[in-house]
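The numbers here are math on the coordinates, done by the rules we state, and not lab data. Predicted model only: the values in this text are computed from it and were never measured. Cβ sites come from the backbone with ideal geometry, for glycine too, and all protein chains shown count toward neighbours.
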Amino acid sequence: MIWFRVIGMAGLLFVAADSLSCFGQDAAARSELHGIAASPHGFINPRAGVPWERSQNEWHLQTFLQPDWLLVSLVRYSGPAGLHKLDSDHVRLRGHLQQALRKFQQQRVGRVVFLGGSITEMQGYRPLVERWLKETFSETQFTFVNAGIASTCSHTGAFRFQRDVMADGPADLLFVEFAVNDDQDAHHDADGCIRGMEGVVRQLFRGNPAAGAVMVHFVNPELLAAAQAGKPGLSVRQHEQVAAHYGISSVDLPADLAAAISAGKLSWDQWGGTHPGPIGNRHAADQVIRILEAAKNLTGEEAESVLPASLLESSFDRGRFLEFTAVKLSTGWTRAIPDWQAIEGSKRERFLKQDAFFSSVAGSGLSCSFRGRAIGAFVLAGPDAGRLEYSIDGGPWQTVELYHQYSRGLHYPRTVMFSSDLKAGDHRLQVRLSSEHHVDSKGTAARILDFVVND
């Protein structure tokens with residue numbers, strides 16, 4: 001028999017085991033002290049009026065994780081712990097991640113996709129996680145897909161999901177990050193943060209209900225400052241809501257880094273900035289790997305094939321690029337590869353050989369018919385970016401600004417939405433180039449890579 005003593009006070013959890021025998025085996029005694037970050041008074045008890053995710057998974061549940069794992073360590077018990085131990089409020093294991101890892105082990109094949117912005121596209125945390133997977137599942141034939149595109153937000157991620165993630169088959173395991181770009185690039189509001197991320201997640205599970213996923217919230221100065229103030233930034237908070245709703249494991253790097261800085265273990269300079277350096281990428285990868293290692297030894301039932309109800313009906317869960325043949329051009333518009341050598345501003349290599357709809361003739365127009373609940377455009381907005389005027393179904397003309405704060409020296413990729421909450425059905429969009437432009441822009445040009453639709 002083993003007697004457990006569990007005492008919680010002042011953010012600390014004391015766990016002690018005094019053993020006699022267990023399952024016919026002798027077991028040693030041990031005591032442990034654990035820190036439970038940001039915990040309230042009486043954190044070891046369920047707290048009425050506090051959401052289940054916070055009170056159970058982060059405080060009350062953590063209290064009982066420790067005796068569970070202490071029991072496993074004290075006796076030669078052959079099975080896994082009933083609950084997994086993750087000594088962090090910032091690293092959350094959820095859902096059916098173990099199913100994807102089990103497939104890697106048993107079928108020895110796996111399709112792993114990394115989706116996000118420049119933090120994903122760069123040689124950062126991604127190759128470190130890839131290396132761990134290859135070393136851990138050494139007999140597995142992996143297909144790794146780098147679906148990171150610098151500067152893009154979760155909206156663009158949802159609209160390009162079918163092309164960049166699903167074109168060659170469903171993903172078995174998805175790593176996704178858009179917290180930084182939804183914050184500093186797109187400046188999405190609360191619903192905007194959910195529309196894109198929920199769109200990504202629902203497309204993932206619709207394509208493969210048994211897929212595993214890890215959502216990694218990366219960090220910039222603003223998100224770090226919010227975490228240090230004890231309140232997660234908007235994009236982190238909303239993406240975490242999506243993760244909890246769909247049972248997706250997650251890593252809250254702003255909160256994790258804030259705790260490390262407070263403890264004197266790391267600094268922002270050591271981390272390397274918004275685009276992490278070697279130390280920051282190693283730290284981020286290690287936190288992701290902690291989740292994977294935890295999930296690898298878990299067992300569980302097969303994932304449900306039915307998705308839960310959407311958090312937002314307007315989420316881009318059926319996002320796609322509109323067929324270019326649906327767009328009708330008037331005089332002044334062209335679809336071809338722009339003459340980039342003659343155009344001022346820096347360009348990214350990935351777009352230089354891609355056709356685009358473009359014009360700099362004020363008043364020139366185009367139109368398209370589409371079926372769906374949302375319509376927008378994926379554009380390159382450079383130093384000469386103008387404004388688009390648009391009308392949907394013959395309604396009033398409205399204006400969308402193409403020029404962005406990062407357009408001054410770069411042909412910046414971004415998705416602009418004309419409408420996100422149309423009634424499902426057939427619609428007609430008319431677009432014309434405005435004669436006016438942003439005060440910092442040098443022209444009235446529009447370069448549209450694709451029109452985007454949410455069916």
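The protection proxy used here, the mean number of other Cβ atoms lying within 10 Å of each residue, ranks peptides 227-240, 370-383 as follows, highest first: 370-383, 227-240. Using equal-weight Cα scatterers in the Debye expression, the normalised intensity of segment 91-296 in log10 at q = 0.11 Å⁻¹ is -0.45. The HN-Hα couplings worked out from phi for segment 379-389 by the Karplus form 6.51 cos²θ - 1.76 cosθ + 1.60 (θ = phi - 60°) are 10, 10, 10, x, x, 10, 5, x, 10, 10, 9 Hz, whole numbers, x standing for Gly and Pro. The calculated Kirkwood hydrodynamic radius for segment 108-211 is 14.0 Å, given to one decimal from all distinct C-alpha pairs. Each peptide in 333-343, 153-163, 101-111, 316-326 receives the mean, over its residues, of other Cβ atoms within 10 Å, and ordering these scores from highest gives 153-163, 316-326, 101-111, 333-343. Take the Cβ atoms of A326 and D191, set R0 to 30 Å, and the FRET efficiency comes out at 0.65. For K134, the lysines whose Cα comes closer than 30 Å to its Cα, not counting residues fewer than 8 places off in the same chain, are K85, K103, K265, K296.
By DSSP, the beta bridges lying fully in segment 91-296 are antiparallel in about 10 percent of cases. For segment 322-454, the fraction of C-alpha pairs more than 20 angstrom apart is 40%. Mean separation of Cα pairs under 8 Å and 6 or more residues apart, divided by the residue count, gives segment 100-186 a relative contact order of 42 percent. Take each peptide in 92-98, 415-421, count the other Cβ atoms within 10 Å of every residue, and average; sorted highest first, the result is 92-98, 415-421.
Residue by residue, segment 150-161 carries 3J(HN,Hα) couplings of 3, 6, 7, 9, 5, 4, 4, x, 5, 6, 9, 4 Hz when phi is fed to the Karplus relation 6.51 cos²θ - 1.76 cosθ + 1.60 (θ = phi - 60°); x denotes Gly or Pro. Taking amide H as placed 1.01 Å from N in the peptide plane, the amide H of V145 sits under 5 Å from that of V112, V113, F114, each at least 5 places away or on another chain.
Here K423 is the anchor, and the lysines within straight C-alpha reach of less than 24 Å, apart from those fewer than 8 places off in the same chain, are K328.
Extension gain, E222 to D168: 0.36 nm times the residue separation minus the Cα-Cα distance gives 15.7 nm.
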